[in-house]
Every structure is written in structure tokens, then in C-alpha cells.
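What follows draws every value from the coordinates through simple rules; no lab data is involved. What you see is a predicted model, and the numbers here were worked out from it, not measured in a lab. Counting neighbours? That spans all protein chains shown, and the Cβs are built from the backbone with ideal geometry, glycine included.
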Amino acid sequence: MQEAVIKTDKLTKRFGDFIAVNEITFEVYKGEIFGFLGANGAGKTTAMRMLTGLSAPTSGTASVAGFDVYKQTENIKKNIGYMSQKFSLYEDLTVVENFEFYGGIYGLSKKQIKNKSDALIEGLKLQKEAKKLVIDLPLGWKQKLAFSVAIFHDPKIVFLDEPTGGVDPLARRQFWDLIYTASEKGITVFVTTHYMDEAEYCNRISIMVDGKIAALDSPENLKKQFNVQSMDEVFYQLARGAKRSE
Amino acid sequence: MKQFFSFVKKEFRHVLRDRRVLLILFGMPVVQVLLFGFALTNEVKNTKIVIADYAKDEVSQQIITKIDASHYFDIEKNVLSNKQIETAFKEGKIKAALVFPAGFGENLSHGNKAQLQIIADATDINMSNQITAYLTAIILDYQQQNQLSKIPYQIIPEMRMLYNPQLKGAPNFVPGVMAMVLLLICVMMTAIAIVKEKETGTMEVLLVSPMKPWTIIVSKAAPYLILSLIDLIAILLLSVYILQVPVNGNIFLLLAESTLFILTCLMLGILISIQTSSQEIAMLISLVGMMMPTMMLSGFMFPTENMPYPLQLISNILPSKWYYIIVKTVMIKGAGFSAVWKETLILAGITMLLFFVSLKKFKIRLQ
């Protein structure tokens, strides 16, 4: 039996009359790569904000890394990493300084930070760029670094909000190699994306339509279920019925 | 604490790496102090005047020499007719003229009473007021010196003006510049620094981190507290050594009051940053909402007492007004805490109020 690290039950968020997230129920297992799909405005970001402790749910229950999203957000925050779609590095700091800062705010010791950042720089083959300002690096590299920063403190779960926007397929593929490596280490990856080829890389995916989860399974099963060849078509069939759009 | 120090270190890196920020932080106070201290004063210095001496006696010559010797006036030339005076004014060469009527010295020694005329270019009202005041002062000074020789002289200048005994414009400007620079740095820079994190998306990542939201805000503001204290000391050094405006009161009291004002400003900056989402808006609010009222209404440029009642009310809620009064009282007049406790209390009250408002707004924002 797989261990669930994220569990939600009828999790709901209302803003006045508007139900952004409507009774979603799902589980994410330890070490899996969970794709969280949906059209713009479907409620992905709101759901993710509730799970990361940024926003309190209106009703329903949820636990992340074993902690309650209502009362134990501080514990949740210690056990998760997060990479926003705007990517989250300080461009006027160098690569190493970014590591130092994020290591520092997660309470890592100087020695831990030094060891980890040395290992990461070697792993990413960034020795030459370590002292460069982040602003001078190509976007693909920035995203890889932002991911490394998000898992710098060895979180149990890492949330990625559309992490690969704006880069070429090759850079995206390389980014996913990093995700696989993290997943092999036992870090659960919760990722939202617009790219259907990326959806294929996930172990399981959920597709949100109008605040509800319309489908949840592995990419293969979903394709069988909808009797189509690609995830694109699955997504199209589901999203077509959506009433909400941006 | 460790989180806090990592944060402060990072914040200093931001500041030290951005040349524009550095320029605003350290260039601006220097420029403002020098500008207000030298260029923008309405102090009388080397003002050109002409003198029509119809008397040509010993007393008039002595007064002319005394005026010429002061660095406030340069005697352009001696003229002999009223017409020449008018021409000189029209050509814009001079700002004032002094007329000794015939028999000036004689009247003084026989009748113990003599009149002379000061004519000033009143197109610039402030300037003409100042000039007549300075000329009058010099003449009265002459009169007093000669009374020591027991001759009861009385010279009556036609203009009678109040006299600024220090003959300096700078003392009025230094407290104002201090209030303005601190306001600008603390409010605008803090607001921009926080809003910048929102814009670049790093704020989201910080909020997801175990750092408590308030720790984030405090660590964000702390470097600016340190930087403004450095600026404050720089302004004081400039004013003491370059503008020759000494700190007459207790320097520690002045620093403590300034720290209180800095805290007020940081709170304002934080409040603005919570309410806005773009750097431009944060800057606009800081400039239009904070700088303008401070310049216009805090008493720094125009005395608040002469304002219409509604404007006086507005000026009362400006923290800079109270700080301006405190600095003037402590630094220039040399008074102690007992003279400014009321203003201090008001400032502290405003700070607390801002603190609670932003705390509340911040919590709402997070939900």
C-alpha cells in the first residue's frame, strides 16, 4: 500500500459567490510525480495555494506531509518546497548567494549550505557560473536553479507552478531529468503545467475543470478511458465543456 | 534569528549592487543639504546696492563703510540723483538703494535725530524684506556702537523690520531636509523593496517558506533602518561642518527622536507596500502622498500657523510636522526632552496606529 503524502477531502474555496475550488478529493503518493492540469481559471492555483498554506480553505479537509492545512501550516511549510511560475531567484544575486539565502531562511547551518551548494553546482556543472549574477544566465538555467533552490532543504514534497514556461523543448526535457532525479530520491513532485507532453511524463495526473477534478489517473489509463491517442485530446475533450474561462 | 540575518545580508547585497539605489541613499542627502544650505536660501549675501549720499559727511561715510565691510552687501556705485537710482533698479543691477538726505550728520549731532531712506526692489517680496532688515540692522548696530561714546544719537530708518539675529537661513532648512530625506528613504525605499519581491514572484516563495510573514517584513525593513541612521549621521556632519549649524541640544536625544521618526516612516512604507502591487504605484504614493505634503504642510517651507484651518488639520496628521518641530527644538534651540515630550508622544502614537493598521491589512491580504 502506497503512503499518501497529500490527502484532500471535499476541499473547497469560495470567494464570495464564486467557488474557485469545488469539493476536490484526491491523494498523492510518496515519491510520485503528480501532474495537476487544468485550463486557465480552472482553480489550479487556488488549490495549490491552499495546499502550501498560503490560503485557508473554506471547507473540507486536507493534510500535507501529515499536517493539517488549517492548523499546522507552519509544519507544512517546513516540509515543502515551492517554485513559482515567475521563477523565484534573485537576479541581482549570484548563484551561490541565492543558495546561501534560501538555505538560511530554511534554517540550514553554514556548513550544510556550503556542502549542498558545492554538490549542486558540481551536479549541474555550473562551476563557471557559480559566481555570476543570475540575471546573466539563460532562462533554462534559471529554471533549473530555481528547482534546485526549491529542493535545497530536502523537502518531502515540492510544488512546481508551471515551472517550464517559455523555454525550448530541449531545456524542458533537461528540467524533467532533474524532476526524475528528485523523485527517485523520494521527493514527491506536485506539478502544474500547460504542456501536454509534460503531462505524459507524470505518473498520475488530475485535470481540473470549473473548480472540480474531472479526471484523475495515469496518462495511459486516461487515454484508454477517452479512447484517444494523446493527452492533448484528453485535455481537449474535458476542457471543451468548461464554462469558466479567463 | 538565523533566518533574519540571512535575510538582512541578502537585502544589503541588493542595495549595494544597485547603483541607482546607492545614489538615492547617499547622493541625495548630500545634494539636498548642500542645495538647501547654499543655493536655495533666501539669505542675503553679496547683494548689490547703490547709495545716494546727499550728506557726504562723517556719519554717512562711516555707515557706508560699515555696510561695504559686511559680506551681505556690495556697493555697486555711489549715485547722485534719484533718477540714477531708478535706472539702476530698472536695469536689474541692484536689489536696494540707500539714500542719505543732505545734512544727515548735522541733524544727528544737533537734533539727535536723523532720517535716511531704504528703497528695495519689492518684486521679490521675501528678498526685499530680508534686505531692508539687514540694512536696518547694520545701521542700528552703528548707532549702538556710537552710543557708547555717550552721545545720544538716534538714527531712524524708514523701514522697520524684524531681525533674524543669527543672519542664517540654514538652521531652518537642516531639520526640514532631515525630515525629507528620512521620509524618502524609509517610506519609498522600503515600500519599493517589498513590492519588488511581490512583482518578481519571490514574495510567494518567501511566504511558502517557514519564515513568518512578519519576520519577512521586519527583516525587509531592518536594513533601511540602519541605512537611514547612516544618512542621518551624514546629514548632521554636513550641517555641523559645512553649513556651520551646530547641534545645540543633546545629540543622543536627537538620535533617539530620529530613530522614532524612522520607525514611523518604515511603518508607512510597509503599509504602502501591503496595499500596492507595483513599484511604480508604490513610488507614486510615496512621492505624492508623503513628500509633497511634507514639503508643503509640515512647516518646513511655509509656517503652519498661517494656513487655513483645514490645511492645519491635515498638517497635524503628518508625522514629518512633529519630527520637524522636535528637530528644530532639540537641534537648533538646544532644548531637552521636557520641551518635546508632547510631540514625541504624538509621533509614537502615529507609529503604533500605523503598526496595527498594517498588521490587520497584512492578515487580510494573506487569506
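Sorted from largest down, what three extents in whole angstroms do the Cα atoms of the stretch B:182-314 have along their principal axes?
The Cα atoms of the stretch B:182-314 stretch 50, 35, 21 Å along the principal axes, largest first.
What spacing in nm lies between the two simple spin-label points modelled at A:LYS185 and A:LYS243, each 7 Å away from Cα in the Cβ direction?
Calculated label separation equals 4.5 nm.
How many Å³ per residue does the convex hull of the Cα positions in chain A occupy?
Looking at chain A, the number lands at 132 Å³ per residue.
Could you pull out every one of the lysines with an alpha carbon less than 22 Å from that of B:LYS56, ignoring same-chain neighbours closer than 8 positions?
Counting by Cα, and skipping residues close in sequence, B:LYS56 has these lysines nearby: B:LYS48, B:LYS66, B:LYS77, B:LYS83, B:LYS113.
Taking the alpha-carbon set of chain B, what are its Rg and Dmax in Å?
Every Cα atom of chain B included, Rg and Dmax give 27.1, 92 Å.
Just from its helices, what would the mean residue ellipticity at 222 nm be for chain B, if runs of 4 or more DSSP H residues each count -39500 (n - 2.57) and the sum is divided by every residue, rounded to the nearest 500 deg cm²/dmol?
-19500 deg cm²/dmol
Which distance in Å, rounded to a whole number, links the C-alpha centroids of the stretch A:23-53 and the stretch A:67-99?
Taking the Cα centre of each part, the stretch A:23-53 and the stretch A:67-99 sit 17 Å apart.
For A:GLY81, which sequence-distant residues (separation of 5 or more, or a different chain) have an amide H within less than 5 Å of its own amide H, given hydrogens modelled in the peptide plane?
Counting only residues 5 or more places away or on other chains, the set is A:ILE157, A:VAL158, A:PHE159.
Of B:SER315, B:SER209, B:SER239, which is the most mobile in a GNM of chain B whose springs link Cα atoms less than 10 angstrom apart?
B:SER209
Within 10 Å of each residue's Cβ, count the other Cβ atoms and sort B:PHE173, B:PHE89 from fewest upward.
B:PHE89, B:PHE173
Considering the convex hull of the alpha carbon atoms of the protein assembly as shown, report its projected area averaged over all viewing directions, in nm², one decimal.
38.0 nm²
With label points built 7 Å along Cα→Cβ from the Cα atoms of B:LEU22 and B:TYR54, find their separation and express it in nm.
6.6 nm
Cα-based Rg (one decimal) and Dmax (whole number) for the stretch B:1-128, in Å?
When restricted to Cα atoms, the stretch B:1-128 yields Rg and Dmax of 26.5, 86 Å.
With chain A treated as a Gaussian network of Cα nodes joined by springs under 10 Å, which of A:THR94, A:THR12, A:THR188 yields the largest mean-square fluctuation?
Looking only at A:THR94, A:THR12, A:THR188, the biggest GNM fluctuation is shown by A:THR94.
How much length, in nm to one decimal, is gained on full extension between A:ASP68 and A:LYS125, taken as 0.36 nm per residue of separation minus their Cα-Cα distance?
Full extension of this stretch gives 16.6 nm more.
Any idea how far the Cα center of the stretch A:125-175 sits from the one of the stretch B:298-367, in Å?
The stretch A:125-175 and the stretch B:298-367 have Cα centres spaced 48 Å from each other.
222 nm [θ] for chain A, helices only, -39500 (n - 2.57) per DSSP H run of 4+, per residue, to 500?
The per-residue figure over chain A is -11000 deg cm²/dmol.
Roughly how tilted is helix A:95-105, in degrees to the nearest 10 and between 0 and 90, from the longest Cα axis of chain A?
Tilt of helix A:95-105: around 70 degrees.
Compare the peptides A:105-117, B:97-109, A:215-227 by average per-residue count of other Cβ atoms within 10 angstrom and give them in order, highest first.
B:97-109, A:105-117, A:215-227
Write down the radius of gyration of the stretch A:1-116 and its Dmax, each obtained from C-alpha positions, in Å.
Both quantities, over Cα of the stretch A:1-116: 16.5, 51 Å.
In the stretch A:177-246, if every C-alpha pair distance is counted and binned at 5 Å from zero, what percent goes to each bin?
All Cα pairs, binned at 5 Å, distribute as 3, 15, 26, 24, 15, 10, 5, 1, 0 percent.
For the stretch A:132-200, I need the span (max minus min coordinate) of the C-alpha atoms along each principal axis, in Å, sorted largest to smallest.
32, 29, 17
Order A:230-236, B:220-226 from most to least packed using the mean count of other Cβ atoms within 10 Å.
B:220-226, A:230-236
If we count every other residue with Cβ under 15 angstrom of B:LYS196's Cβ, Lys/Arg +1 and Asp/Glu -1, where does the sum land?
Net charge in that neighbourhood comes out at -1.
Over all residues in A:134-140, what is the mean tally of Cβ atoms on other chains that come within 10 Å of each residue's Cβ?
Neighbouring Cβ atoms belonging to other protein chains average 0 per residue here.
To the nearest 10 degrees, how steeply does helix A:169-184 sit against the main Cα axis of chain A, on a 0 to 90 scale?
Taking the Cα atoms of chain A, the angle to A:169-184 is about 90 degrees.
Pop a pseudo-label 7 angstrom from the Cα along the beta-carbon direction at both A:ARG14 and B:GLN144 and give the gap in nm to one decimal.
8.1 nm
Mind giving me the FRET efficiency for A:THR58 and B:SER338? R0 is 45 Å, r the Cβ-Cβ distance, nearest 0.05 is fine.
0.20
So which GluC sites (Glu not before Pro) in the stretch A:84-131 pass both tests, a DSSP loop state and at most 15 other Cβ atoms within 10 Å of the Cβ?
A:GLU91
How many partner chain Cβ atoms sit within 10 Å of a residue's Cβ in peptide A:99-105, on average, as a whole number?
If you average over the peptide's residues, the count of other-chain Cβ atoms is 6.
Nearest 20 debye, what's the magnitude of the dipole of chain B about its Cα centre given +1 on Lys and Arg Cβ and -1 on Asp and Glu Cβ?
Result for chain B is approximately 1520 debye, rounded to the nearest 20.
Would you mind calculating the gained length between B:GLN61 and B:LEU229 on full extension (0.36 nm times residue separation, minus the Cα-Cα distance), in nm to one decimal?
Going from the current span to full extension adds 55.2 nm.
If you count, for each residue, the other Cβ atoms within 10 Å and average over each peptide, how do B:300-307, A:192-199, B:243-250 line up from highest to lowest?
Per-residue mean Cβ counts within 10 Å order the peptides as A:192-199, B:243-250, B:300-307.
Figure the gain on full extension for A:SER230 and A:LYS30 (residue separation times 0.36 nm, minus the Cα-Cα span) and round it to one decimal in nm.
Full extension from A:SER230 to A:LYS30 adds 69.4 nm.
Filter the DSSP H helices in chain B by two things, a Kyte-Doolittle mean of at least 0.5 and an axial alpha-carbon span of 20 angstrom or more, and list the hits by number.
Counting only whole DSSP H runs, the qualifying helices are B:213-241, B:251-275, B:337-366.
Convex hull over the alpha-carbon atoms of the stretch A:62-120: what's its volume per residue in Å³?
Normalising the Cα hull of the stretch A:62-120 by residue number yields 110 Å³.
Computed FRET efficiency, Cβ-Cβ of B:LYS9 and B:GLU76, R0 56 Å: what is it to the nearest 0.05?
0.35
Just tell me how shielded A:67-78 is by partners: mean number of partner chain Cβ atoms within 10 Å of each residue's Cβ, no decimals.
Mean inter-chain Cβ contacts per residue within 10 Å come to 1.
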